Each structure stands twice: as C-alpha cells, then as structure tokens.
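Report on the structure given below.
The values are calculated or read from the model by the stated rules, or taken from the named source; none is laboratory data. The model shown is predicted, which means the values in this text are computed figures rather than measured ones. Methodologically, a virtual Cβ is constructed for each residue, glycine included, from the backbone with ideal geometry; neighbour enumeration extends over all protein chains shown. Remember, those area values only see protein heavy atoms, side chains included, never the ligands or the DNA or RNA. Shrake-Rupley method; radii C 1.70, N 1.55, O 1.52, S 1.80 Å.
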Amino acid sequence: MKAAKLGGRALAALIAGALMLGTASAETLRLSHNVGDTTTWHKGAEKFGELLSEATDGEMTVRVFPNAQLSGGDQMKQAEMVGRGALDLVVTSAINVTPLVPEMAIFSLPYLYSSYDEVDATTQGAPGEMMARILLEKGIVVLAWGENGFRELTNNVRLVKSPEDMKGLNMRVSGPMYIDVMNALGANPTQMQWSETLTALQQGVVDGQENPIGAVIIPQQVYEMQKYLTAWHYSYDPVFLGVSKAKWDSLDAETQEKMRKAAVEAMAWQRQISREATASGIAFLREKGMEVYEPTAEELQAFRAATKPAFDKWAGKVGSEIVEAFQSAIVGTN
Ligand code: X2X
C-alpha cells in the first residue's frame with residue numbers, strides 16, 4: 001500500500017517535472033524593428049513568428065517589438081545589439097546598418113536599380129550572399145532578405161520635378177549616405193530617427209522626408225502630414241531578417257533549418273505585400289489628397305546626374321569588388 005502510494009506520488013512528481021521542463025524549454029525570442037506596428041515590416045516579423053512557432057510545435061515563439069523600443073529608439077543601434085547577442089532577432093533595412101557595416105550602403109546608391117528584377121537579382125542572388133557573409137563577421141546571421149522598397153520623396157513646400165526644386169528644402173533623412181545625396185541636390189538634410197519624424201513633419205520642423213510607399217508611407221499615414229509626393233525611385237532599401245550568431249550557434253541543425261525556412265517564407269510574403277501596396281499606392285495617395293508627380297525618363301536622368309557625386313563617394317566607401325558584383329548581376333537581368 002505504502003509503496004504504491006509513494007509510486008503514485010513519484011509519478012505525479014514526474015509528470016509535474018516533465019510539464020515544467022516542457023515550459024522551460026519553450027523559448028520566446030525577442031525581435032526588434034524600427035517602424036510602426038501597421039507596416040509590412042511588422043507584418044513580416046509577425047508572420048515569421050507564426051511560421052516558426054508552427055514548425056517547432058510551439059517550442060519557439062517570437063515577440064515583436066516595433067519602433068526600435070529595445071534599442072532606446074535608436075534605429076541604427078539594433079544591428080550592433082544583435083551582433084553582440086543583446087537582441088535575438090532584427091528586421092531592419094540596409095541603410096540602418098551602414099554605421100556598423102558601411103558596405104551595406106551598396107543597395108541604396110542613388111539610381112543603382114531601375115526595376116524589381118534588378119533588385120531581386122542581387123538580394124536573392126550571389127550579391128545578397130556576399131553581403132550576408134560580411135554581416136556574419138559582425139555576428140549577424142542574415143536569414144532572408146525582405147523589402148522596404150524604392151524610396152519616394154514627400155514634402156510640404158512644392159511639387160518637386162527637377163533637382164532645382166530640391167534647393168533649400170529641409171529634409172529629414174535616416175542615414176549618412178542620404179545626407180550626401182541631399183546635399184548634392186542642394187537640400188538641407190537633417191538625420192533623425194524615424195520614430196521622431198512623424199511629429200517633426202507635423203510640426204513643420206522639417207519640410208519633407210523620403211520613404212517607400214507600400215512599406216512605410218501608407219501604413220504610417222505620412223499622407224496626413226505631407227502634400228506632395230515625387231515618385232523618383234532614387235534609392236532602393238532592402239530589409240533583412242537577421243538572428244544573432246550567438247543565438248544561431250546555440251541551436252541544433254534541425255532548428256536552424258526550421259528557422260531559416262520560416263524566415264525565407266515570411267520575407268517572401270513581406271516583399272509581396274510591400275509591392276502590392278506600392279502598386280496600388282499612388283492612386284490611394286491621390287484619393288487621400290496628395291499631389292503625386294511621376295517624373296519622365298529625362299527628368300529621372302536629371303536626378304541621376306545630380307546625385308552622381310554621392311554615388312561615387314559611397315561607391316568608394318563600399319569598394320569596387322562589391323559594386324562590380326552588384327552591377328554585373330544587374331546587367332545580367334537586362
Ligand atoms: O527611417 C527610415 O526612413 C526607414 C524606416 O525607412 C528606415 O528604417 C531606413
């Protein structure tokens with residue numbers, strides 16, 4: 001009797017222990033990104049969490065933190081934090097990584113790309129892998145490339161049709177390369193966190209900004225604060241979903257495979273919804289009362305020529321090996 005009773009207790013303890021173990025081994029990873037929770041970045045991050053959780057039967061879940069909350073509002077600090085393992089996961093765009101890895105400016109050189117096919121030939125091909133190897137040296141494992149998009153100009157002063165129209169505009173920019181681009185155009189650039197930009201636009205601290213239509217301008221309702229948009233496609237910005245190398249190395253090969261697969265699928269979907277929102281975006285912005293200008297090929301050529309000094313300066317920082325790898329992948333699509 002006594003033994004049986006003890007056996008029963010032991011069994012109960014065993015079950016409780018197993019349950020606790022189950023809870024203890026289920027892990028919640030923290031994912032940081034630097035835009036609002038209505039954006040395609042956020043949706044892509046959430047999708048990744050769902051897919052990962054499904055693939056691991058709930059052993060791994062992801063909590064998504066928007067607006068660079070986990071890096072004190074500093075969007076450029078996220079990559080460095082992931083690199084040293086202070087953050088597990090990040091969705092951020094290439095330009096935000098340039099303080100840590102200047103070579104990441106390659107994607108956003110003014111007028112490097114003129115189509116999505118050209119973009120995909122690099123982010124989804126060997127040049128993307130080349131950049132992933134460089135990020136790995138900084139402790140960041142790139143799981144998949146997603147999309148911020150072609151960055152379009154908005155402002156409250158005038159409809160910009162030519163480089164001359166940029167003169168004297170007070171422009172918010174996100175990173176150092178864009179300061180050089182804006183200076184080349186005769187605008188007055190100020191570097192500012194995205195999380196502070198909407199208020200700055202509202203209060204007229206700056207006249208304008210530039211961001212992709214589908215991923216940011218529409219979901220963050222920039223049209224509420226800005227009157228004019230010029231679809232000048234001057235710079236492309238990819239996002240990537242990255243995991244800290246420290247976290248990655250702690251996972252077994254099977255879990256790594258599940259994580260990569262979830263990331264690839266989530267970012268493919270994120271690219272698709274960003275492109276769809278961009279395609280329908282100009283009509284939507286007009287409905288919302290924005291005046292939208294789509295420059296002609298000759299007008300685009302004038303912007304390209306005016307921004308060439310910034311292209312050359314940053315191509316120099318990136319280095320010829322990378323620039324040539326990108327340019328030859330781009331030429332290969334045409
Ligand atoms: O800050 C921006 O403009 C944004 C959201 O596009 C980036 O993260 C670069």
* Ala279 versus (1) over 21 Å from Leu169 (Cβ atoms); (2) open to solvent by less than 70 Å² (accessible area, probe 1.4 Å): which is the lone unmet condition? -> (2)
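Residue by residue, here is whether (1) on the phi > 0 side of the Ramachandran plot; (2) in contact with a strand residue (DSSP E or B) (Cβ under 9 Å, 6 or more places away or on another chain); (3) of a type in the set (Asp, Glu); (4) surrounded by fewer than 16 Cβ atoms within 10 Å (Cβ to Cβ) holds:
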residue	(1), (2), (3), (4)
Ala263	no, yes, no, no
Arg286	no, yes, no, yes
Pro295	no, yes, no, no
Ser320	no, no, no, yes
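Select, from Leu112, Leu136, Leu87, the only residue that is closer than 21 Å to Ala266 by Cβ, modelled with pLDDT of 95 or more and not in a helix (DSSP H, G or I). Before you say what the answer is, go through the steps one by one.
Numbers: Leu112 fails: closer than 21 Å to Ala266 by Cβ; Leu136 fails: not in a helix (DSSP H, G or I).
On inspection, the qualifying residue turns out to be Leu87.
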* **Meets criteria (more than 22 Å from Glu291 (Cβ to Cβ) and either within 16 Å of the ligand (Cβ to nearest atom) or open to solvent by 40 Å² or more (accessible area, probe 1.4 Å) (or both)) for Leu143** => no
* Long-range neighbours under 7 Å by Cβ, at least six apart or interchain, first residue more than 19 Å from Ala105 (Cα to Cα) and touching a residue at least 60 places away in the same chain (Cβ under 8 Å) within region 295-315, second open to solvent by 60 Å² or more (accessible area, probe 1.4 Å) and among the charged types (D, E, K, R) -> Pro295/Lys161; Glu299/Lys161
* Of the residues Gly83, Gly73, which single one is of a type outside the set (S, T, N, Q), on the phi > 0 side of the Ramachandran plot and more than 11 Å from the ligand (Cβ to nearest atom)? -> Gly73
* **Selected residue [in contact (Cβ under 8 Å) with a residue 60 or more places away in the chain, under 25 Å from Ile282 (Cβ atoms) and of a type in the set (A, V, I, L, M, F, W, C)] from Val206, Val216** => Val216
* One residue from Val64, Val82, Val97 being under 21 Å from Pro219 (Cα atoms) and open to solvent by less than 40 Å² (accessible area, probe 1.4 Å) -> Val64
* To do: Tell me which residues, restricted to region 25-63, are at negative phi and either modelled with pLDDT under 95 or small (Gly, Ala, Ser) (or both).
  => Ser25, Ala26, Ser32, Gly36, Gly44, Ala45, Gly49, Ser53, Ala55
